[in-house]
Each structure stands twice: as structure tokens, then as C-alpha cells.
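The values are calculated or read from the model by the stated rules, or taken from the named source; none is laboratory data. A quick note: this is a predicted structure, and the numbers were derived from the prediction, not measured. Positions of Cβ are generated from backbone atoms using ideal geometry, with glycine treated the same way; all protein chains shown enter the neighbour counts.
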Amino acid sequence: MLQGFLVALIGSLIYMESRLGGQHMLDRPIIIAPLVGLVMGDFQTGLILGGELELVWMGLVGIGTTTPPDVVVGSALATALAIKTGADWQTTLTLAVPIALIAQMIAIAAGSFNAFFAHYADAQIEKNNWKGIPIAHWSGAAIMFLSKFVPIIVGYAVGAPTVKAIVKVIPKVIQDGLAQSGNLLPALGIAMLMLLTYDKKYAPFLFLGFALVTFLKVPMIGAAMIGGIIAYIYFQFKPEQSEEVL
């Protein structure tokens, strides 16, 4: 149970860092999953799942008051369950999405409940009770911390045997289907990202990277190095725009 506590603590603290310490993009699967893997004693699986989950959710953005699927809980709990049960990581990857959707509803409920503390702070201001403001602030922060900590530790406690039992009774043909679905999820994440960043001007570079990896079998690190070199050359030879004289 100590591992479950540490996994929940990692997810919750990383989430709170992004809310209280500034947005440093630490609450991402590529950060959370390896840390969970380190605690669980399988850093390699944590790295693999972190990369896969990042591909799934890299294009997921909360805009305005919308609450996207809970990436923190989904990443931490899916990684912990994958290592705990010994299930195929591709099969477990497909469980991360429903876990994140369930945690999303908890996050929405926690955010709605936090409105009480906003009204409490307003009431304390009217009373000139300035000590009530930090009470409201930290009470709301505590609710958000628990909205991550509790689902992760409860899911770890009751989810591991449940997931293990489910994996055992799933027919092989369905497991193969889940594995293929897991392979498709990163492609879906990339497609979501392309909807936000795709530009016809730079599209040839995208297809060049695809061709290097697919047809010439260039490793991903090699493709990244080639992309960095091309970006540097493009920057050096890009004509400078003359400044308008006011």
C-alpha cells in the first residue's frame, strides 16, 4: 500500500505544482509515468507508457471553463496498474482513457464545490477579515489536492486485482483488439495536435519526417536530429523582413 500512497502523492503534488507554483508543464504523462515507474520499480515501463500517453494527450487543451479528461490521474493510475498487474502495456493503455474520463467528473465536482470558498472569501472581505482570504485559498487548494489523491490511491487499492481479473478473463482475440486500439490512440493524439498546429507552409517537413522513419528506417532520435539541422538551416537562410519606417 506504500507504493499506492507514493503514486497518489506524486500525481497530486505534480498537479498542485502546476496550480500553485506556475505552469512548468510537469503535469504531463511524459513526466508522471516515469516517476511512477521509478516508485513501482519498473522505470522502463514508466518511460514507455509516458511516451505513449503523451502522444495520446499532447493535443488535449482545456479552453475557457471546459474540463478535459484528467491526464494526471489517468497517467499515474494507468502506469501503476500496468506495472502492478503485469498486464500488457498496450492493453493497459486503453484503460487510461476511461480512467481519465471518470477522474474528469470528479475534477468537475471538486471545481464546482470550490465555488463555496470563493463566496466565503467575498464574505470575509466585506467583514474586513483579511485572515479569511488565505483560509479560503488553501481550503480550495486542499480540495483540488484530494480530488487527485483520493481517486489514485483508491483506484490503486481496488483497481489492481480488478484489472488483473479482467485481463485474465478477456479472450485473446479481444486482447489483440485492445492492443491494436492502444496502437491507434497515439495516432489520434497526433491528429488532435495537427488540427491545432498544421500549416501548409511547413507540411513538407512533416511528411519528410514520416518518410525518414517509415521508408528509410531512420530511428526517432536520428529523425529529431535531422529535423533540428533543417530548422537551423531554415532559420539561417530565411530572409529577414525589413522593418517599416514610421
Subject >> Single condition residue 141 does not satisfy, out of (1) surrounded by fewer than 18 Cβ atoms within 10 Å (Cβ to Cβ); (2) at pLDDT below 85; (3) aliphatic (A, V, I, L, M) >> reply: (2)
Subject >> Filter result (aromatic (Phe, Trp, Tyr) and either within 21 Å of residue 15 (Cα to Cα) or touching a residue at least 40 places away in the same chain (Cβ under 8 Å) (or both)) within the stretch 96-139 >> reply: 113, 117, 138
**OP:** With the condition kept exactly as written, say whether any residue in the stretch 140-151 is among the hydrophobic types (A, V, I, L, M, F, W, C), free of Cβ contacts under 8 Å to residues at least 40 places away in the same chain and over 28 Å from residue 40 (Cα atoms).
**Re:** no
**OP:** Please state which one of 12, 18 is surrounded by fewer than 19 Cβ atoms within 10 Å (Cβ to Cβ) and hydroxyl-bearing (Ser, Thr, Tyr).
**Re:** 18
Subject >> Members of the stretch 18-31 that are part of a helix (DSSP H, G or I) and either at pLDDT below 85 or among the polar types (S, T, N, Q) (or both) >> reply: 18, 19, 20
**OP:** Keeping to the stretch 32-42, report how many residues are part of a helix (DSSP H, G or I) and surrounded by fewer than 17 Cβ atoms within 10 Å (Cβ to Cβ).
**Re:** 1
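Per-residue answers, yes or no, for (1) surrounded by fewer than 15 Cβ atoms within 10 Å (Cβ to Cβ); (2) closer than 25 Å to residue 19 by Cβ; (3) at pLDDT 85 or above; (4) within 21 Å of the chain's Cα centre (by Cα):
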position: 103; (1), (2), (3), (4): no, yes, no, yes
position: 160; (1), (2), (3), (4): no, no, no, yes
position: 167; (1), (2), (3), (4): no, no, no, no
position: 173; (1), (2), (3), (4): yes, no, no, no
position: 181; (1), (2), (3), (4): no, no, no, yes
position: 193; (1), (2), (3), (4): no, yes, no, yes
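When you check residue 226 against the structure, is it modelled with pLDDT of 85 or more, within 24 Å of residue 93 (Cα to Cα) and part of a helix (DSSP H, G or I), yes or no?
On the way: modelled with pLDDT of 85 or more: yes; within 24 Å of residue 93 (Cα to Cα): no; part of a helix (DSSP H, G or I): yes.
It is false that residue 226 is modelled with pLDDT of 85 or more, within 24 Å of residue 93 (Cα to Cα) and part of a helix (DSSP H, G or I).
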